[in-house]
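Nothing in this text is a laboratory measurement; each read-out follows from the coordinates by a stated rule. Everything numeric here is computed off the predicted structure, so don't read it as measured data. A quick note on method: Cβ atoms are made from the backbone with ideal geometry, for glycine too, and the neighbour counts reach across all protein chains shown.
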Amino acid sequence: MISRHPGGIIRRRYLEPLKLTMTDLAEAMGVSLSSVSRVVNEKAELTSEMALRLSHVIGGTPEMWVGLQTAYSLEKAKAEFSAEGLKRLNPALGEEAAA
């Protein structure tokens with residue numbers, strides 16, 4: 001199971017319960033509506049700068065927001081990754097490195 005994208009968390013935990021629009025969030029954060037829309041609709045990654053702005057506007061720490069994005073991105077990459085065609089340079093790594 002892939003972690004939740006930060007945009008979905010923003011939508012479900014903040015925008016919907018507080019009856020806020022993406023325009024409200026964009027204005028509060030001082031960013032464009034398209035920037036917020038891309039993140040909330042899970043079309044773009046949450047940047048470090050956006051994480052800083054979010055932490056000031058809706059709470060949480062920047063580290064929490066970046067951590068959510070990193071977890072989502074890494075799990076998605078793992079699900080799509082194939083080691084086929086790669087050559088192991090350090091045989092001492094063994095199979096545990098392949099996980």
Glu45 passes all but one of (1) over 15 Å from Gly7 (Cβ atoms); (2) in contact (Cβ under 8 Å) with a residue 24 or more places away in the chain; (3) of a type outside the set (A, V, I, L, M); which number fails?
-> (1)
Restricting attention to segment 61-73, which residues are more than 14 Å from Ile10 (Cα to Cα) and either over 11 Å from the mean Cα position of the chain (by Cα) or loosely packed, with under 13 Cβ neighbours inside 10 Å (or both)?
-> Glu63
Keeping to segment 30-57, report how many residues are assigned to a loop (DSSP other than H, G, I, E, B), under 16 Å from the mean Cα position of the chain (by Cα) and not acidic (Asp, Glu).
-> 5
Check off (1) farther than 23 Å from Leu74 by Cβ; (2) touching a Ser or Thr at 6+ places or on another chain (Cβ under 8 Å) for Glu45 and give me the number that stays unchecked.
-> (1)
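Counting only residues that are surrounded by 13 or more Cβ atoms within 10 Å (Cβ to Cβ) and either part of a loop (DSSP other than H, G, I, E, B) or among the charged types (D, E, K, R) (or both), how many does segment 3-20 have? Outline the logic, then answer.
Filtering segment 3-20 for residues surrounded by 13 or more Cβ atoms within 10 Å (Cβ to Cβ) gives 3-11, 13-15, 20.
Applying the additional criterion that residues be either part of a loop (DSSP other than H, G, I, E, B) or among the charged types (D, E, K, R) (or both) yields 3-5, 11, 13, 20.
The number of residues fulfilling the criteria is 6.
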Search result, residues across segment 1-42 that are touching an Asp or Glu at 6+ places or on another chain (Cβ under 9 Å), more than 19 Å from Glu75 (Cβ to Cβ) and among the β-branched types (Val, Ile, Thr) | Val31
